[in-house]
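The values are calculated or read from the model by the stated rules, or taken from the named source; none is laboratory data. All figures in this text were calculated on a predicted structure; none of them were measured in a lab. Note: ideal-geometry Cβ built from the backbone for every residue, glycine included; neighbour counts use all protein chains shown. In case anyone asks, the SASA skips ligands and DNA or RNA and just uses the protein heavy atoms, side chains included. Shrake-Rupley method; radii C 1.70, N 1.55, O 1.52, S 1.80 Å.
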Amino acid sequence: MSCEADCKIRKRKFIKMMVEVTPGAANPKPPEDKYPAPKDYKVALQAKIDKWMEDKTLAPKCASGCVCEATENVDWDKKLTLTRTFHMSFKANGFDWEVEATVDFKSAIVPGDCVEDPAKPIELASAAIIPELGITLLSEKQDGITLGDVEKVRKALS
């Protein structure tokens, strides 16, 4: 499998988040003591934003079995700060709620290189050394050189 190709990765860097919780339309004036605590929505909201912030390989993508790895670090100081608003509905304390998060972040597209998946070792051709003859045998097959192959070479060169 050949992984030789160029690719690009979109990276984002979180700067800050402002959150506002408001009652849902079905219950516009709930009692003050029924307002949700941050624990009621923060984990779900943060998970959705984190997913949106993840690095993303852009098309064209690498071949199957290959991954796109960035070949440069981002100079975040040169990137503009962008802002996006996220909205999520949730239920807490028997009421419907709306949460709106305004997120400041930076974004960059960096060059990458399609390479073999680092989680899997790269299979190389096999080799055998015949020290008394000063010879190294190389095989293009990954299933290896047998002892019989080594003996054939020894006999042929003796």
All positions within the stretch 70-111 that are out of contact with any Lys or Arg (no Cβ under 8 Å at 6 or more places or on another chain) and open to solvent by 80 Å² or more (accessible area, probe 1.4 Å)
Thr71, Glu72, Asn73, Asp77, Lys78, Arg84, Thr85, His87, Lys91, Glu100
Is there any pair with a first residue in the stretch 68-96 that is under 30 Å from Val115 (Cα atoms) and a second that is part of a strand (DSSP E or B) and open to solvent by 80 Å² or more (accessible area, probe 1.4 Å) whose Cβ atoms are under 8 Å apart and which are 6 or more apart or on different chains, and what are they?
Cys68/Lys8; Val74/Lys13; Trp76/Lys13; Lys79/Lys13
Output the number of residues of the stretch 1-39 satisfying the condition of being more than 28 Å from the chain's Cα centre (by Cα) and not aromatic (Phe, Trp, Tyr).
18
For Leu124, state whether it is farther than 30 Å from Cys68 by Cβ, out of contact with any helix residue (DSSP H, G or I) (no Cβ under 7 Å at 6 or more places or on another chain) and open to solvent by 100 Å² or more (accessible area, probe 1.4 Å).
no
Within the stretch 24-36, count every residue that is part of a loop (DSSP other than H, G, I, E, B) and either open to solvent by 40 Å² or more (accessible area, probe 1.4 Å) or polar (S, T, N, Q) (or both).
7
Scanning the stretch 42-64 residue by residue, those closer than 22 Å to Cys114 by Cα and either over 14 Å from the mean Cα position of the chain (by Cα) or open to solvent by 50 Å² or more (accessible area, probe 1.4 Å) (or both) turn out to be Glu54, Asp55, Lys56, Ala59, Pro60, Lys61, Ala63, Ser64
In the set Asp149, Asp113, the lone residue that is farther than 30 Å from Ala37 by Cα and assigned to a helix (DSSP H, G or I) is Asp149
Can you work out which of the residues in the stretch 132-158 that are open to solvent by less than 70 Å² (accessible area, probe 1.4 Å) and within 25 Å of Ile122 (Cα to Cα) is modelled with the lowest pLDDT?
Gly144
